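The values are calculated or read from the model by the stated rules, or taken from the named source; none is laboratory data. Predicted, not measured: the structure shown is a model, and the values here were computed from it. We place every Cβ from the backbone using ideal geometry, glycine too, and count neighbours over all the protein chains shown.
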Amino acid sequence: MKTLSGSGWVVGLTCLNDELFVLHQRTDNQVEVYSTESYSLLRQFSVNGLGHHRHNDMTSCVQQKCLYISDCSNRCVHKTGLNGDVLAMWPVANSSTGLSLTPRNNLLFTCRESRRLLELCSTSGECVRQMDLQPDIEEPRYALQLPNERYIISHCGVARHRVCVVDSRSQVSLSFGGQPGSDVTELNFPTHVAVDGDNVMYVGDWGNCRVVVLSRSLQLVRHIKLHQQPGRLYLDHVTRRLYVGLVNGHVTVLQL
C-alpha cells in the first residue's frame with residue numbers, strides 16, 4: 001500500500017499514458033499529475049471555467065487522448081488536453097454526481113436529482129441515450145456500463161444504501177446492501193465503483209471508511225479497511241492497482 005499526499009477532497013481520479021490524474025475540490029480546481037511508475041509529481045494545472053463542487057467527477061479516453069471533467073455547478077462537461085487546455089465544453093441537461101466511460105467510449109453521466117443516466121457521444125457531446133431509473137433506485141451516485149447492456153449503479157437514499165446490477169429497462173437483477181449500516185453486508189453511502197476483467201467489483205463505502213469487494217454475483221468477498229472516507233476509485237486493469245481518492249486529499253494505491 002502506498003499513499004500520495006494532497007489537499008482538498010479528491011473528486012476525480014483516472015490514469016492515462018502511465019500518468020495518474022488527481023482532481024481536488026479546491027478554489028483553484030487543481031489537477032495533479034503523477035507518474036504511475038515512480039509516483040513522482042510530474043506537473044499540475046487548473047481547468048479554466050470549472051466550478052469547484054464535491055460532485056464533480058473525471059474520466060479519460062485513450063482513443064481521444066483527453067480528459068473529461070463533469071462540472072456539477074455549471075451543468076456541463078469539460079473536454080481537456082492532458083495539460084488542462086479546454087478542447088470543448090458541452091452542456092448537460094442535469095447536474096451529475098458520476099461520470100464514467102462506456103465500452104463504446106461514450107460518456108455516462110449519473111444524475112442524482114433527476115434519477116436518470118445520460119449517455120453522451122465523447123466526440124460531439126450529443127446525447128445518444130437517456131435511461132430513467134426505477135423508483136427503488138434512490139439518489140443514484142455513480143454508474144458503470146457492463147457488457148450485455150447492463151449497468152452497475154451505487155445509490156443511497158433514505159431507505160436503501162446499496163449497489164445494483166440493472167438492465168436497459170432499469171430492472172434490478174442483483175443487489176448488495178439495503179438499510180444503511182456498518183454490518184459486513186451493509187453499506188453506508190456507497191460512492192464510486194470499479195470493475196475488473198472478471199467482473200469483480202470494488203465499492204467505495206464512504207461512511208464505513210472501507211472498500212467492499214464483491215463477486216460478479218454481488219456476494220461479499222472481503223473488506224479493505226481505510227483510514228479515511230473513499231470518494232473516488234480507479235482500477236488500472238494492466239497493473240492491477242486500485243487507486244482510492246480520499247476526502248482528506250490523499251490517494252491510497254492498493255496492489256490487488
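Somewhere in region 34-48, is a residue touching a Leu at 6+ places or on another chain (Cβ under 9 Å), aliphatic (A, V, I, L, M) and not in a strand (DSSP E or B)?
Within region 34-48 (the criterion being touching a Leu at 6+ places or on another chain (Cβ under 9 Å), aliphatic (A, V, I, L, M) and not in a strand (DSSP E or B)), the answer is yes, since at least one residue qualifies.
Quick grid of which residues meet (1) of a type in the set (A, V, I, L, M, F, W, C); (2) in contact (Cβ under 8 Å) with a residue 12 or more places away in the chain; (3) buried (at least 17 other Cβ atoms within 10 Å of the Cβ):
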site: H155; (1), (2), (3): no, yes, yes
site: S173; (1), (2), (3): no, yes, no
site: G178; (1), (2), (3): no, yes, no
site: E186; (1), (2), (3): no, yes, yes
site: T191; (1), (2), (3): no, yes, yes
site: V200; (1), (2), (3): yes, yes, no
site: S215; (1), (2), (3): no, yes, no
site: L218; (1), (2), (3): yes, yes, yes
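Any residue that is assigned to a loop (DSSP other than H, G, I, E, B), of a type in the set (A, V, I, L, M, F, W, C) and under 18 Å from the mean Cα position of the chain (by Cα) - is there at least one of those in region 228-242?
No, region 228-242 contains no residue that is assigned to a loop (DSSP other than H, G, I, E, B), of a type in the set (A, V, I, L, M, F, W, C) and under 18 Å from the mean Cα position of the chain (by Cα).
Output the residues belonging to region 26-53 that are at pLDDT below 90 and crowded, with 16+ Cβ neighbours inside 10 Å.
Hits for region 26-53 are N29, Q30, H52, H53.
Anything in region 107-117 that is in contact with a Leu (Cβ under 9 Å, 6 or more places away or on another chain) and crowded, with 21+ Cβ neighbours inside 10 Å? List them, or say none.
Listed by number, the residues that qualify are L107, L108, F109, T110, C111, L117.
Any idea which residue in region 55-71 is surrounded by the fewest Cβ atoms within 10 Å (Cβ to Cβ), counting only those that are in contact with a Cys (Cβ under 8 Å, 6 or more places away or on another chain) and assigned to a loop (DSSP other than H, G, I, E, B)?
Per the stated criteria, the residue is H55.
Has region 174-182 got any residue that is under 16 Å from L214 (Cβ atoms), part of a strand (DSSP E or B), modelled with pLDDT under 95 and of a type outside the set (V, I, T)?
There is at least one residue in region 174-182 that is under 16 Å from L214 (Cβ atoms), part of a strand (DSSP E or B), modelled with pLDDT under 95 and of a type outside the set (V, I, T).
Consider C61 carefully, then state whether it is under 19 Å from I153 (Cβ atoms) and either touching a residue at least 12 places away in the same chain (Cβ under 8 Å) or not acidic (D, E) (or both).
So C61 fails the test.
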